[in-house]
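The values are calculated or read from the model by the stated rules, or taken from the named source; none is laboratory data. Keep in mind it's a predicted model, so treat the numbers as computed, not measured. Every residue, glycine among them, receives a Cβ derived from its backbone with ideal geometry; neighbour counts consider all protein chains shown. Keep in mind that these areas ignore ligands, DNA and RNA; they rest on the heavy atoms of the full protein, side chains included. Shrake-Rupley method; radii C 1.70, N 1.55, O 1.52, S 1.80 Å.
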Amino acid sequence: MATGSTDSARSPSSGVLQKLLLVFFVCIAASTYKAIQPPPPKLCGSPDGPSITGPRIKLRDGRHLAYKEDGVPRDEATHKIVVVHGSDSCRHDNAFAALLSPDIKEGLGVYMVSFDRPGYAESDPDPNRTPKSLALDIEELADQLSLGSKFYVIGYSMGGQATWGCLKYIPHRLAGVMLVAPVVNYWWKNFPSDMSTEAFNQQARNDQWAVRVAHYAPWLTHWWNSQNWFPGSSVVARNLGMLSKSDKEIMFKLGAARRQHEAQIRQQGTHETLHRDMIVGFGTWEFDPMELENLFPNNEGSVHLWQGDDDVLVPVTLQRYIAQKLPWIHYHEIPGAGHLFPFAPGMVNNIVKTLFTNDGVKN
C-alpha cells in the first residue's frame, strides 16, 4: 500500500513535467523552423511589392522576365547578343553594352539584350531555378524578341551557371558563347579532388562555410547568411575587403554610376537572388561542363573563356583545368587582373571583337 501511494503521488508531477518538456521542444522546433525559412519574396507589381519600370515578357510557366535592349535596332542587327549578369547585379549592369565603343557597335551591327535573372530586380523569382531552366528562359526571351534561329550569349561571373546551361541544353541556338570569369562549382566531378580542395581552401573561412552550406544543406542557406553568430558569405554581406587591389580600384570608380539602380537589385528579397545563386551555382549539377562536346566542329562559331589570374573570387587554377579538358574553348588569361576586369578600359572591345572574329561569321 505504501509503495502504491508513493507511485500515485509521483505520477501527476511526472506527467506535468513530460508535458512541459514536450511543449518546450515543440516551441524550440517551431522557432528553429521559422528561423530557417526565408521570407516570401516581394513580387514586382503586387500590392506591397516594388513597381514595374521596364519591359517584361511572360514565360512558359507564368513568370515574368524583365529585359533591357541596347545597341543598334534589333531588326537591323548583324550580331544579336544575350548578356547574363553576375551576382548582386541586374540588367542595368551590362558593361558590354555600356563600354563597347560606338564604332564597333554600329560598324558590326551589334544588338544586346540583358535581363534580370529570376528574383533579381524586376524578374519574378524561380524557386525551381537550375542551369537548365535558366537556359530555357534565355531561349524563350530570344524567341519572344525574334532574335532568330541563332544568337550569341555572354555570361559574366555567376551568370556562368546560365551560360554553361546554354552550352548543354540549347547548343543548336548558339552562334557563339563568351564565358567571362564564370563562377566554378568545386563539386564538378571531373575536377581532381586535390586541385578542387586546394582552390576551395583559398577562400576566406567564412566563404568556405557559406559555400559548404549551400552545397550540403541548401535549406539552411538563408539562415546561415542571416544569423549573427558566424559570418556568412562575403558577397551577400557586400564585404569588398576580400577583393584584389585592381578590383577595389575599379569598384571605387564604378560606385557613383551604380548607385542609381542598386536598390532595385535585391528589392524582392535576398533569398531568391544571392542565396539562390549559391544554391544553384554550388549545388549538385546534372551534368559536368567538362564533359561537353565541341559545339562548332566546323568553326562556324566559337566559345571563349576569359579569366584574370588575380581573381580572388574564382580560382584561376580551376579555369585553366577546364580549358585543358575542353581544348575547343579559346582560353584568354589576363595577367594581374581580378574579377572585375571587364570594366577596365578597352577590355569590352577586346572581348566582343574576339567573339566575332573567331566565330566563322562573315562580317
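Taking Cα atoms, how many degrees apart are the long axis of helix 245-258 and the longest axis of the chain, rounded to 10 and kept between 0 and 90? Approximately 90 degrees, to the nearest ten. Between Rg and the Kirkwood Rh of region 254-327, both from Cα atoms, what is the Rg to Rh ratio? Across region 254-327, the Cα-based Rg/Rh ratio is 1.08.
Looking only at region 270-292, which residues have a backbone nitrogen under 17 Å from a spot 7 Å from the Cα of Asn128 in the C-beta direction? Under cut-off, by backbone N: 280, 286. The fraction of accessible area contributed by carbon and sulfur in region 98-169 is 50 percent, rounded to a whole number (1.4 Å probe; ligands and nucleic acids excluded). Expressed as a fraction of 2.2 N^0.38 Å, the value expected for a compact globular protein of N residues, the C-alpha radius of gyration of region 166-260 is 1.36.
Which of Cys166, Cys90, Cys44 moves most in a GNM of the chain, Cα contacts under 10 Å? Comparing Cys166, Cys90, Cys44 in the GNM, the peak value goes to Cys44. Values of log10 I(q)/I(0) for region 148-196 across q = 0.20, 0.31 Å⁻¹ run -0.70, -1.09, by the Debye formula with one identical scatterer at each alpha carbon and no solvent. The largest-to-smallest principal axis extents of the Cα set in region 219-363 are 54, 38, 28 Å. Annotation for region 288-363 versus region 217-267: alpha-carbon center distance of 25 Å.
Among the listed pairs Lys58/Lys80; Lys132/Lys248; Lys189/Lys253, which have their C-alpha atoms separated by more than 27 angstrom in this model?
The answer is Lys132/Lys248; Lys189/Lys253.
Only Cα pairs within less than 10 Å get springs; with that Gaussian network setup on the chain, which residue of Arg56, Arg276, Arg238 has the largest fluctuation? Highest fluctuation of the listed residues: Arg238. Per residue, the chain exposes 48 Å² of solvent-accessible protein surface, assessed with a 1.4 angstrom probe and all protein chains in place. Amide H contacts for His304 (H built 1.01 Å from N in the peptide plane; partners 5 or more residues away or on another chain; cut-off under 5 Å): Val177, Met178, Leu179, His330. Rg and Dmax, both from the Cα atoms of region 115-223 and both in Å, are 15.9, 46.
Stokes-Einstein, applied to the Kirkwood radius of region 204-302 over Cα pairs at a viscosity of 1.567 mPa s and 4 °C, places its translational diffusion at 80 µm² s⁻¹. Proximity of backbone amide H atoms, modeled 1.01 Å from N, is registered between Ser244 and Val312, His339 at under 5 Å, excluding neighbours fewer than 5 places apart on the same chain.
Of the chymotrypsin sites (Phe, Trp or Tyr not before Pro) found in region 277-311, those in coil by DSSP whose Cβ has at most 16 other Cβ atoms within 10 Å are Phe287. Just so you know, the Cα atoms of region 211-267 work out to an Rg and Dmax of 14.3, 38 Å. Here the Karplus curve 6.51 cos²θ - 1.76 cosθ + 1.60, taken at θ = phi - 60°, turns the phi angles of region 38-43 into couplings of x, x, x, x, 8, 5 Hz, with x standing for Gly and Pro.
Computed from the alpha carbon positions, the gyration tensor of the chain leads to an equivalent ellipsoid with semi-axes of 45, 23, 20 Å, biggest first.
Couplings 3J(HN,Hα) for region 326-331, derived from phi with the Karplus relation 6.51 cos²θ - 1.76 cosθ + 1.60 (θ = phi - 60°), are 10, x, 6, 8, 7, 9 Hz, where x marks Gly and Pro. What the Cα atoms of region 78-135 give is an Rg and a Dmax of 13.4, 41 Å. Distances between placed amide hydrogens fall under 5 Å for Leu174 paired with Phe151, all partners being 5 or more residues away or on another chain.
Of all stretches in the chain that contain no GluC sites (Glu not before Pro) in a DSSP loop with at most 16 other Cβ atoms within 10 Å, the longest one is 1-285. Each of Glu286 and Lys42 was given a label point 7 Å from its Cα along the Cα-to-Cβ line. The distance between the two points is 3.4 nm.
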